[in-house]
1. Could you please let me know if Ile171 is under 22 Å from Ser245 (Cα atoms), away from ligand 2 (no atom under 16 Å from the Cβ) and either of a type in the set (A, V, I, L, M) or touching a His at 6+ places or on another chain (Cβ under 8 Å) (or both)?
2. When region 103-131 is examined, which residues are found to be within 16 Å of ligand 2 (Cβ to nearest atom), polar (S, T, N, Q) and not in a loop (DSSP other than H, G, I, E, B)?
3. Only one residue in Thr257, Thr250, Thr314 is within 23 Å of the chain's Cα centre (by Cα), surrounded by fewer than 13 Cβ atoms within 10 Å (Cβ to Cβ) and either modelled with pLDDT of 95 or more or of a type in the set (Val, Ile, Thr) (or both), so which one is that?
4. Quick one: what pairs do we get from region 258-287, first residue assigned to a loop (DSSP other than H, G, I, E, B), second at pLDDT below 80 and among the aliphatic types (A, V, I, L, M), C-beta under 7 Å, 6+ apart or different chains?
5. Output the qualifying pairs, or none if there are none: Cβ atoms under 9 angstrom, residues six or more apart or on different chains, first residue in region 47-59 and in contact (Cβ under 8 Å) with a residue 24 or more places away in the chain and under 16 Å from Leu261 (Cβ atoms), second residue more than 8 Å from ligand 1 (Cβ to nearest atom) and among the basic types (Lys, Arg).
6. Here are some residues: Asp307, Asp266, Asp262. Which one is among the acidic types (Asp, Glu), away from ligand 1 (no atom under 16 Å from the Cβ), out of contact with any Phe, Trp or Tyr (no Cβ under 8 Å at 6 or more places or on another chain) and modelled with pLDDT of 95 or more?
7. From Lys60, Lys65, grab the single residue that is out of contact with any strand residue (DSSP E or B) (no Cβ under 8 Å at 6 or more places or on another chain) and buried (at least 16 other Cβ atoms within 10 Å of the Cβ).
8. Count, please, the residues in region 150-197 that happen to be surrounded by fewer than 20 Cβ atoms within 10 Å (Cβ to Cβ) and of a type in the set (Phe, Trp, Tyr).
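The values are calculated or read from the model by the stated rules, or taken from the named source; none is laboratory data. As the structure is a prediction and not an experimental result, all values here were calculated from the model. When we count neighbours, we look across all protein chains shown, and the Cβ atoms used for this are built from the backbone with ideal geometry, even at glycine.
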Amino acid sequence: MVDTVLQVEGLTRTFDVSKPWLNRVLERDHKQFLTAVDNVTFGIERGETFALVGESGSGKSTIAKLIVGLLKPSRGTIAFDGQPMSFESGTAMRNLRRRFQMIFQDPFASLNPRWRVGEIIAEPIRTFGLASGADVHREVARLLEVVGLSATDAGKFPHEFSGGQRQRIAIARALSSKPEFIVCDEPTSALDVSVQAQILNLMRDLQDEFGLTYLLISHDLSVVRHMANRIGVLYLGRIVEVADSKRLFTDPQHPYTRMLLDAVPDLALSGRRRTPVTGEIPNPINPPSGCTFHPRCPHVMDICRGDPPAQTPTATGAAACYLLTEPVGS
Ligand SMILES: Nc1ncnc2c1ncn2[C@@H]1O[C@H](COP(=O)(O)OP(=O)(O)OP(=O)(O)O)[C@@H](O)[C@H]1O
Ligand SMILES: [Mg+2]
């Protein structure tokens with residue numbers, strides 16, 4: 001039986017990006033909205049790593065913030081373990097929130113510089129009432145060791161650590177509430193390449209040890225390739241393709257996925273016609289009609305400029321592209 005930990009349905013988030021000064025100059029209401037996340041649907045199964053990839057501005061961090069409750073959806077629903085998430089702060093929501101955590105790109109910005117590491121890690125333990133008194137210190141010491149640091153590090157401040165060590169502290173803090181599900185937003189992008197692999201290995205070990213489920217967000221295909229079971233590809237706030245990790249790399253269905261893969265020299269596949277990277281990401285305030293990728297697509301057809309394509313089932317997932325449903329040349 002499929003055990004879905006997180007189910008996101010039709011998730012949409014718009015931002016009001018009106019310029020107040022423009023309204024004053026023009027003496028009229030000139031509202032502008034940006035749709036950062038547009039009707040996104042996906043599910044994550046227990047124990048798996050589901051990755052979201054996409055270029056800068058594709059909506060990755062907005063999705064992360066919506067899931068952990070830092071932002072409110074404009075439309076759509078998020079359910080955790082079958083329970084719909086709400087913005088209310090009742091006991092039920094509090095209990096639910098304990099069960100998922102988030103790791104951010106910049107471990108320095110996410111750790112309070114004035115707090116000792118021990119206090120940083122202890123805070124969720126106390127907030128959720130998971131331990132008290134000396135047990136809190138014992139738990140902090142255990143968590144520091146779990147992430148490859150030492151119990152004595154509890155007395156130090158974040159600035160005394162390297163970037164990789166700080167990310168270990170952020171991971172220890174995330175683990176402190178005994179979560180089942182962790183949203184990792186570019187967890188290694190701010191780190192040196194040599195340190196990235198260590199942190200990714202640690203994340204994988206912790207996943208095995210604690211049965212964690214991850215939503216891994218990254219712009220880096222080589223990171224998701226080695227971590228993810230399934231991958232969703234985002235373009236301008238929409239999921240254009242979802243597939244098993246292996247399948248996505250060997251048999252990409254959406255032209256944008258192919259373009260992304262071909263932009264990474266190591267991943268460019270032999271025996272497949274390359275899709276050269278052309279054009280730039282359009283302005284999300286005024287996106288193209290239909291399939292928003294159509295101005296950059298080498299296979300664009302008339303139909304692509306009309307209604308957005310629906311998700312069509314593929315071998316291991318789905319893709320939103322008229323090439324999968326229309327006879328070529330229509
Ligand atoms: N608070 C906000 N107000 C207005 N626009 C926003 C806000 N947050 C995000 N956006 C816009 O929403 C879009 C998606 O942003 P988001 O940060 O989710 O992208 P991302 O995929 O995480 O990018 P990156 O790889 O650079 O981190 C962008 O066009 C961004 O400018
Ligand atoms: Mg981001």
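1. The answer is no for Ile171.
2. Listed by number, the list holds a single entry, Ser110.
3. Criteria check complete, one pass: Thr250.
4. Final answer for the pair search is Ala263/Val277; Arg274/Ala268.
5. As it stands, the answer is Ala51/Arg225; Ala51/Arg230; Ser58/Arg238, since those pairs meet every condition given.
6. Asp307
7. Lys65
8. Number of matching residues: 2.
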